[in-house]
Amino acid sequence: MSPGLLKHRRTLTVICLAWTLAVAALSLRHGRFGRAEQAARDWLMTNAKARPSPQNPQLVYLGIDEAAKTLDSVFSDDLAKSRALQLMKQGFPWNREVYALIIDRLAQAGARAIAFDMLFPEPRDGDERFREALDRWPGRVVIGTNLKDRDEDPNPDQLTVSHKPAHVLPTPALRPPAGGSWLGFVNLRSDDDTIVRRVRYRTTALEFFGTPPSPGSEELLSLAARTLEKAGFAALIPKTHEAVAFRYCPQIQPHSVHEIFVEPQWAAPPYDSGKFFRDKIVLIGAAGFESPDRLNTPFGTVLGPTIQLSAINAALNDDFIRETEPWQNLALIAAGGLLAWMLGARVASRPLRLLLLGLLLAGFYGGAQTLFNSTGLLPILLAPVLALGGSAMTWTVFEQALDLRERQRVRQTLEKYVSRDAVREILDNPASFLNALGGERRSITVLFSDIRSFTTMTESAEPHALVAQLNEYFNDMVGIVFAHDGTLDKFIGDAVMAHWGSIATAGVVTDARRAVTTALEMRAALAKLNANWKTRGMPELRVGFGVNSGDAIVGNLGCAAKMEVSVLGDAVNLGARIEGLTKEYGIDLCLGETVAPLVREAFVLRSVDLVVAKGKTRPIEVFTVLSERTPGVAEPAWLARHEEAVRAYRAGDFPAAESAWREVFADQPGDALSTIFLARCAELRSHPPGTEWTGVFKMRGK
């Protein structure tokens with residue numbers, strides 16, 4: 001191979017690799033690229049070649065439209081013969097006896113399930129008749145409820161959880177008896193771009209709004225799920241509490257609900273004296289262009305009841321959508337880059353190369369469309385096309401290839417002195433906030449670690465040996481930070497400061513879990529280092545770790561001569577104070593109260609104390625971590641007793657708290673927290689604090 005061709009191959013490799021890595025990085029981030037990728041996936045679902053979910057013949061949509069509200073098309077003779085029509089004519093909202101008459105007519109006609117995509121939170125005329133119909137047909141009828149994010153003025157008609165997420169129930173007269181239910185929540189939550197692509201069939205009030213459920217939280221079924229249950233298809237309801245993407249069916253056309261009470265229409269096709277409704281699932285809801293119940297979907301703006309029907313239809317047809325996994329997405333992106341490299345390496349003619357590129361892009365689209373239509377698997381579309389097309393359109397610019405080579409050399413040099421994430425931002429995103437003196441406010445998780453009594457060690461240690469030991473320690477600790485995608489902010493003497501979510505984020509929950517995992521692995525790595533140092537006659541190190549989450553300003557700090565990417569804010573300062581609490585409580589890891597709810601499902605936490613940190617006025621709750629949660633492994637029995645002791649202590653019941661902590665100490669001899677609180681309880685029993693007791697400890701130092 002000639003030197004020129006070898007150089008071309010190397011340049012081509014650099015170009016394709018750079019494109020593939022850049023697209024992969026973008027695909028893992030949220031923002032505009034993520035929205036563009038989702039729009040491309042929506043197009044796969046909605047274009048003329050896409051297969052919609054076939055409408056199940058059991059579904060019927062009865063619409064409450066303008067014709068049903070005005071009854072202008074109904075003859076007076078027909079109106080006089082029907083009590084339901086007479087009640088409708090009185091005006092909308094209707095007397096609720098109308099809904100009782102609808103239930104009776106449909107149920108007597110043999111409908112399997114009758115669902116009202118409606119809410120009935122306030123009492124109205126006709127509730128007694130409506131309730132009687134519900135009691136007559138409890139196994140067939142479903143009515144709607146609503147989940148609200150916040151209820152500032154709770155009342156008896158609502159089940160409120162901690163005054164935040166609330167389950168708004170129907171008026172008491174329409175609620176089901178104990179042991180039964182005809183309720184289903186009607187909420188349809190959109191994605192961040194206001195488009196409804198997925199539904200929850202099961203949830204709890206807390207889970208629906210992204211909060212971990214309390215133990216024993218009631219499972220709630222959606223209107224679609226409850227309707228499937230009433231129709232005898234409970235086995236088809238997805239078991240997960242997560243939102244499920246589903247394939248829409250063509251928009252189901254509604255029949256005006258008043259038609260079932262117009263006897264000539266009822267007797268004629270399509271109703272055929274009720275035969276039309278036999279074994280059908282009937283949904284009654286708003287219809288017509290004037291209806292406010294309209295939501296955005298990949299197919300455009302549609303009526304809410306049609307989405308409910310599509311959700312029922314998807315379950316009946318088992319027509320759910322699965323998105324490709326992250327590793328599959330990365331594999332598709334890598335395949336795009338590899339194909340681009342093969343084109344550049346094997347095809348010398350530029351026109352032929354462009355022709356083959358077009359055929360490959362068309363082939364990828366055709367394969368993606370076929371895969372979605374036949375299996376319901378929805379692959380990413382934009383990122384692989386960008387990896388392939390971007391690489392193919394760039395590799396002929398050899399001058400740019402030289403720039404990329406130089407850029408790579410600079411990257412490798414900078415990474416020895418600056419965080420990898422910072423280098424990535426500086427070189428790959430020149431317009432980012434890291435290249436300006438300004439900053440951005442972001443939700444981050446910060447980790448501080450500090451060596452205990454290090455100043456004392458420096459007074460007596462041999463300098464060369466101490467620096468060598470410290471570098472050995474830093475090498476392992478920083479490696480763990482990088483392994484969990486953390487950003488190394490700085491070394492503060494013997495302390496390490498790192499953060500997640502500042503430059504790149506995987507979401508606040510994942511960022512927090514990575515930070516806590518890093519702290520646990522650093523603690524384990526330190527134990528191994530200490531064992532090794534002990535055999536070499538070197539002093540062992542003791543380290544405290546503190547983790548906190550919150551908003552911080554991320555920016556490029558410094559002057560023209562030297563810049564440093566760092567984070568500023570109360571969450572950062574509090575993180576340092578929380579690390580200092582490890583000395584106060586004889587433990588090596590403390591978490592702030594903002595971290596605990598983000599990681600509780602992944603780690604076994606132990607309450608430490610309510611603390612007012614140095615320089616602060618508001619108390620925070622502090623936790624420590626016992627271990628990662630392992631499926632099938634229960635929490636230690638003594639932990640529940642400890643938490644009981646904490647509650648009693650904060651309530652001022654010091655004898656009960658002391659008794660519980662003695663049990664914990666007996667189970668965990670030498671436990672530092674139990675020792676500290678036993679001493680406090682003894683002191684507080686001797687000198688009761690009085691009514692001003694809050695259970696808050698004021699931190700004496702940093």
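The values are calculated or read from the model by the stated rules, or taken from the named source; none is laboratory data. All figures in this text were calculated on a predicted structure; none of them were measured in a lab. Cβ: placed from backbone, ideal geometry, glycine included. Neighbour counts: every protein chain shown.
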Exercise. Does at least one position in segment 291-308 carry a residue that is surrounded by fewer than 20 Cβ atoms within 10 Å (Cβ to Cβ), over 26 Å from the mean Cα position of the chain (by Cα) and outside the structural domain of Gly144 (by TED's automatic domain parsing)?
Worked result: no
Exercise. Residue check: is Asp104 charged (D, E, K, R), more than 34 Å from the chain's Cα centre (by Cα) and in the same structural domain as Pro254 (by TED's automatic domain parsing)?
Worked result: yes
Exercise. For Ala18, which of the numbered conditions (1) modelled with pLDDT of 80 or more; (2) more than 35 Å from the chain's Cα centre (by Cα) fails to hold?
Worked result: (2)
Problem set entry | Single residue of segment 490-506 satisfying the filter (within 26 Å of the chain's Cα centre (by Cα) and surrounded by fewer than 22 Cβ atoms within 10 Å (Cβ to Cβ)) that is nearest to Glu564 (Cα to Cα) | Ala504
Exercise. Which of the residues belonging to segment 213-262 are in contact with a strand residue (DSSP E or B) (Cβ under 6 Å, 6 or more places away or on another chain) and among the β-branched types (Val, Ile, Thr)?
Worked result: Thr227, Val244, Ile252, Val257
Exercise. So which residues in segment 622-649 are within 18 Å of Gly592 (Cα to Cα) and buried (at least 17 other Cβ atoms within 10 Å of the Cβ), if there are any at all?
Worked result: Val622, Phe623, Thr624, Val625, Val646
Exercise. Is there a residue in segment 4-15 that is basic (Lys, Arg) and not in a helix (DSSP H, G or I)?
Worked result: no
Exercise. So is Ala506 at pLDDT 90 or above and touching a helix residue (DSSP H, G or I) at 6+ places or on another chain (Cβ under 8 Å) or not?
Worked result: no
Seminar exercise, completed: The lone condition Thr487 fails out of (1) at pLDDT below 90; (2) buried (at least 16 other Cβ atoms within 10 Å of the Cβ); (3) among the β-branched types (Val, Ile, Thr); (4) out of contact with any strand residue (DSSP E or B) (no Cβ under 7 Å at 6 or more places or on another chain) is (4)
Exercise. Only one residue in Asn532, Asn556 is farther than 23 Å from Glu579 by Cα and either crowded, with 18+ Cβ neighbours inside 10 Å or touching a residue at least 12 places away in the same chain (Cβ under 8 Å) (or both). Which one?
Worked result: Asn556
Problem set entry | Filter result (surrounded by fewer than 21 Cβ atoms within 10 Å (Cβ to Cβ), in contact with a strand residue (DSSP E or B) (Cβ under 9 Å, 6 or more places away or on another chain) and not in a loop (DSSP other than H, G, I, E, B)) within segment 109-132 | Met118, Leu119
Problem set entry | Leading residue by the ranking (nearest to Tyr99 (Cα to Cα)) among those in segment 253-290 that are hydrophobic (A, V, I, L, M, F, W, C) and under 38 Å from the mean Cα position of the chain (by Cα) | Ile284
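Residues in segment 210-220: is at least one closer than 22 Å to Gln38 by Cβ and either in contact (Cβ under 8 Å) with a residue 60 or more places away in the chain or surrounded by fewer than 17 Cβ atoms within 10 Å (Cβ to Cβ) (or both)?
Within segment 210-220, the subset closer than 22 Å to Gln38 by Cβ is 210.
Narrowing the set further to residues that are either in contact (Cβ under 8 Å) with a residue 60 or more places away in the chain or surrounded by fewer than 17 Cβ atoms within 10 Å (Cβ to Cβ) (or both) leaves 210.
For segment 210-220, residues closer than 22 Å to Gln38 by Cβ and either in contact (Cβ under 8 Å) with a residue 60 or more places away in the chain or surrounded by fewer than 17 Cβ atoms within 10 Å (Cβ to Cβ) (or both): present.
Restricting attention to segment 559-579, which residues are assigned to a helix (DSSP H, G or I) and crowded, with 20+ Cβ neighbours inside 10 Å?
Correct list: Ala571, Val572, Leu574, Gly575, Arg577, Ile578, Glu579.
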Exercise. When the residues of segment 48-70 are filtered to those that are basic (Lys, Arg) and not in a helix (DSSP H, G or I), which remaining residue is farthest from Ile321 (Cα to Cα)?
Worked result: Lys49
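What number of residues in segment 589-613 are in a strand (DSSP E or B), more than 18 Å from Ala519 (Cβ to Cβ) and out of contact with any Gly (no Cβ under 6 Å at 6 or more places or on another chain)?
Of segment 589-613, the ones in a strand (DSSP E or B) are 589-591, 603-612.
Narrowing further to those that are more than 18 Å from Ala519 (Cβ to Cβ): 609-612.
Among the residues that remain, those that are also out of contact with any Gly (no Cβ under 6 Å at 6 or more places or on another chain) are: 609, 611-612.
Within segment 589-613, residues that are in a strand (DSSP E or B), more than 18 Å from Ala519 (Cβ to Cβ) and out of contact with any Gly (no Cβ under 6 Å at 6 or more places or on another chain) number 3.
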Exercise. Of all residues in segment 315-361, how many are crowded, with 20+ Cβ neighbours inside 10 Å and either at positive phi or at pLDDT below 85 (or both)?
Worked result: 4
Problem set entry | Among the residues listed as Leu62, Leu87, Leu79, the single one being in contact with a helix residue (DSSP H, G or I) (Cβ under 9 Å, 6 or more places away or on another chain), touching a residue at least 40 places away in the same chain (Cβ under 8 Å) and not β-branched (Val, Ile, Thr) | Leu62
Exercise. If you go through segment 633-654 one residue at a time, do you hit one that is outside the structural domain of Ile578 (by TED's automatic domain parsing), over 35 Å from the mean Cα position of the chain (by Cα) and among the charged types (D, E, K, R)?
Worked result: yes
Exercise. Restricting the search to segment 664-701, which residues are at positive phi and touching a residue at least 40 places away in the same chain (Cβ under 8 Å)?
Worked result: Gly695
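Starting from residues that are of a type in the set (Lys, Arg) and under 20 Å from Lys490 (Cα atoms), keep the ones in segment 509-541 and report whichever is nearest to the chain's Cα centre (by Cα).
Ranking the candidates gives Arg514 first.
Which of the following residues is in contact (Cβ under 8 Å) with a residue 40 or more places away in the chain, closer than 25 Å to Leu371 by Cα and assigned by TED's automatic domain parsing to the domain that holds Gly63: Ala340, Ala311, Ala287, Ala334? Before you say what the answer is, go through the steps one by one.
On the way: Ala340 fails: assigned by TED's automatic domain parsing to the domain that holds Gly63; Ala287 fails: closer than 25 Å to Leu371 by Cα; Ala334 fails: assigned by TED's automatic domain parsing to the domain that holds Gly63.
Ala311 is the lone residue from the list that is in contact (Cβ under 8 Å) with a residue 40 or more places away in the chain, closer than 25 Å to Leu371 by Cα and assigned by TED's automatic domain parsing to the domain that holds Gly63.
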For this session: For segment 4-17, indicate whether the set of residues that are over 29 Å from Gln328 (Cβ atoms) and in contact with a helix residue (DSSP H, G or I) (Cβ under 6 Å, 6 or more places away or on another chain) is non-empty.
Result: yes
For this session: From the list Lys534, Lys616, pick out the single residue that is of a type in the set (D, E, K, R) and part of a helix (DSSP H, G or I).
Result: Lys534
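Restricting to segment 567-608, and then to whatever is among the acidic types (Asp, Glu) and over 21 Å from Gly210 (Cα atoms), can you tell me which residue is farthest from the chain's Cα centre (by Cα)?
Our first condition is that a residue be among the acidic types (Asp, Glu); within segment 567-608, this holds for 570, 579, 584, 588, 593, 601.
Now restrict to residues that are over 21 Å from Gly210 (Cα atoms): 570, 579, 584, 588.
Values: Asp570: 25, Glu579: 28, Glu584: 35, Asp588: 30 Å.
Among those residues, the one meeting the criterion is Glu584.
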